[in-house]
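Q: Mind looking over this structure? Questions follow.
The values are calculated or read from the model by the stated rules, or taken from the named source; none is laboratory data. Given the structure is predicted, the values throughout are model-derived calculations rather than measurements. Every residue, glycine among them, receives a Cβ derived from its backbone with ideal geometry; neighbour counts consider all protein chains shown. We work out accessible area using only protein heavy atoms, side chains counted, and drop any ligands, DNA or RNA first. Shrake-Rupley method; radii C 1.70, N 1.55, O 1.52, S 1.80 Å.
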Amino acid sequence: IIPESLDMNTDKGLGGHKISFRTFKDLSKKDSWDLYVKFLNLAGFDIVPMPQPGFYNIVPFAKALTEPVPTYINVDPKTLPSNDMIIRYVYFLENLDPSKIQPLLLRLQGGAGKLEVYGDLKALIFMDKSYNIQSLMKIVKELDSTTIPQMLSAVRLKTAVDVGDVIDLYNSTIS
């Protein structure tokens, strides 16, 4: 469904253009759908679900960011759709201050996406392509984890005679 407000007779629209695609392997229904969304994205459009299940509006990409898009709240990022569809994702940080991570995320985020930060709730709200959000969330989850990065190294002791002395020295230094 393409809105009537979209003028397809200009060079900016899809009017007069044709997309041909050929593959020599079978595509699943999901693969076909993801490819369709990708082609729409390349043409500057996105799909937005309508209230009726199974129906979608095709809107210019910029307008998709203001439409009611699918929303995911604090779910595992691996469960997000792995395609170019615009979604909203709300994530509640456990350890980090959202305002401290915001500058990094804004630099890494795609130019069309949006990021809202709510410090009181320790929440990040992303509006972007689902695949972009999945990529950003790998970084966010790693930075938000409670464990600090650790490095294991083996040190050869040259002058220690008794292992018990080494264990006592180690225990005294970590406390």
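Q: Which of 59, 161, 48 ends up with the largest GNM mean-square fluctuation for the chain, with Cα atoms connected below 10 Å?
A: 161
Q: To continue, here is another question. At a 1.4 Å probe, what is the % contribution of carbon and sulfur to the accessible area of the chain?
A: Working: 7180 of 12600 Å².
Reported share for carbon and sulfur atoms: 57 percent.
Q: Follow-up. In degrees between 0 and 90, to the nearest 10, how far off the longest principal axis of the chain does helix 98-108 point, with axes built from Cα atoms?
A: 60
Q: Now, a different point. For Cα extents along the principal axes in Å, several values are listed as (1) 86, 47, 31; (2) 64, 47, 21; (3) 40, 35, 32; flag the one computed from this structure.
A: (1)
Q: Okay, moving on. Most mobile of 110, 164, 54 per a Gaussian network model of the chain (Cα springs, under 10 Å)?
A: Sorting by GNM fluctuation, first place goes to 164.
Q: Exactly which trypsin sites (Lys or Arg not before Pro) in segment 103-175 are in a DSSP loop and have at most 15 other Cβ atoms within 10 Å? Mind dumping the intermediate values first?
A: Working: sites: 107, 114, 122, 129, 138, 141, 156, 158; in loops: 122, 156, 158.
Taking segment 103-175 and a limit of 15 other Cβ atoms within 10 Å, the loop trypsin sites (Lys or Arg not before Pro) found are 156, 158.
Q: Using a 7 Å offset from the Cα along the Cα-to-Cβ direction at both residue 95 and residue 57, what is the distance between the two label points in nm, to one decimal?
A: 4.2
Q: Which of the lysines could a cross-linker span from residue 63 if the Cα-Cα distance has to be under 19 Å and same-chain partners fewer than 8 positions apart are dropped?
A: Partners found: 12, 38, 114, 129.
Q: If you don't mind, another one. So what J values fall out for segment 82-93 if you push phi through Karplus, 6.51 cos²θ - 1.76 cosθ + 1.60 with θ = phi - 60°, rounded to Hz, Gly and Pro as x?
A: Computed from phi, the couplings for segment 82-93 are 9, 9, 8, 6, 6, 9, 10, 10, 10, 10, 9, 6 Hz.
Q: For the chain, what's the relative contact order in percent, using C-alpha pairs closer than 8 Å and at least 6 residues apart? Kindly include the intermediate steps, with their values, before the conclusion.
A: On the way: 194 pairs, mean separation 28.1, N = 175.
Relative CO of the chain lands at 16 percent.
Q: Here's a follow-up. Dipole of segment 18-57, Cα-centred, from +1 at each Lys and Arg C-beta and -1 at each Asp and Glu C-beta, to the nearest 20 debye?
A: On the way: 6 positive and 4 negative charges, 34 e Å.
Roughly 160 debye for segment 18-57.
Q: Mind checking which of 90, 155, 145 is farthest towards the positive end of segment 81-175's charge dipole, using Cβ charges of +1 (Lys, Arg) and -1 (Asp, Glu) about the Cα centre?
A: The one lying farthest along the dipole's positive direction is 90.
Q: Spin-label point model (7 Å from Cα, Cβ direction): what's the residue 43 to residue 29 distance in nm?
A: Rounded to a tenth, the inter-label distance reads 2.3 nm.
Q: Related question: Taking the Cβ-Cβ separation of residue 135 and residue 156 as r and a Förster radius of 41 Å, what is the calculated FRET efficiency to the nearest 0.05?
A: On the way: r = 41 Å, r/R0 = 1.00.
The calculated FRET efficiency here is 0.50.
Q: Accessible area per residue for the chain in Å², computed with a 1.4 Å probe and the full protein assembly in place, what is it? Write out the running numbers ahead of the final one.
A: Details: 12600 Å² over 175 residues.
Roughly 72 Å² per residue, with all protein chains present.
Q: What is the set of long-range amide H partners of residue 85 at a cut-off below 5 Å, with H atoms built 1.01 Å from backbone N?
A: Correct list: 130, 131.
Q: Can you give the angle from 0 to 90° between the axis of helix 29-42 and the longest principal axis of the chain, with both taken from C-alpha atoms, to the nearest 10?
A: Long axis of 29-42 versus the principal axis of the chain: about 80 degrees.
Q: Considering only DSSP beta bridges where both residues belong to the chain, give the percentage that are antiparallel (nearest 5). Let's see the in-between values first.
A: On the way: 17 of 20 bridges.
Counting only bridges with both partners in the chain, antiparallel ones make up about 85 percent.
Q: Say we join alpha carbon atoms closer than 10 Å with springs in a Gaussian network model of the chain; which of 50, 137, 127 then has the biggest fluctuation?
A: In the Gaussian network model the winner is 50.
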